[in-house]
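The values are calculated or read from the model by the stated rules, or taken from the named source; none is laboratory data. Just so you know, these numbers come straight off a predicted model, no measurement behind them. Cβ coordinates were reconstructed from backbone atoms using ideal geometry, including for glycine residues, and neighbour counts include every protein chain displayed.
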Amino acid sequence: MLSGGFRTTELVRGAWSCELSDPGVSRWAERLKRRADELLENRLSFFHLEKVYLGDPVDWNRDHESGSPLPVDSLQRSTTGITA
């Protein structure tokens, strides 16, 4: 039983783990697996940043470009406009 309540494919779990005969499909499957592994390692690419480690658990209050933590009050001002 899959958690999440929905299916994204009719393939059974593990169907892509066997050796694939079509080289194009095989390359695609390997790229997909590498990207999925990066996600499982909390590494994301966004904007101009490539494969940035976001922490474990993910540190949502961090400037991942500079590596600096963001004070919660500056986050509140930038997202809500509240200054007090």
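Only one of S78, S17, S21, S68 is loosely packed, with under 11 Cβ neighbours inside 10 Å, among the polar types (S, T, N, Q) and modelled with pLDDT of 75 or more. Can you tell me which? Talk me through it step by step, then tell me what you get.
Working: S78 fails: modelled with pLDDT of 75 or more; S17 fails: modelled with pLDDT of 75 or more; S21 fails: modelled with pLDDT of 75 or more.
Answer to the check: S68.
Which one of the conditions (1) modelled with pLDDT under 70; (2) surrounded by 10 or more Cβ atoms within 10 Å (Cβ to Cβ) does G5 fail to meet, given that it meets all the rest?
Failing condition for G5: (2).
When the residues of the stretch 24-62 are filtered to those that are in a strand (DSSP E or B) and of a type in the set (A, V, I, L, M), which remaining residue is surrounded by the fewest Cβ atoms within 10 Å (Cβ to Cβ)?
First pass over the stretch 24-62, keeping only residues in a strand (DSSP E or B): 43-46, 49-53, 62.
Keeping just the survivors that are of a type in the set (A, V, I, L, M) gives 44, 49, 52.
Working: L44: 16, L49: 10, V52: 17.
Per the stated criteria, the residue is L49.
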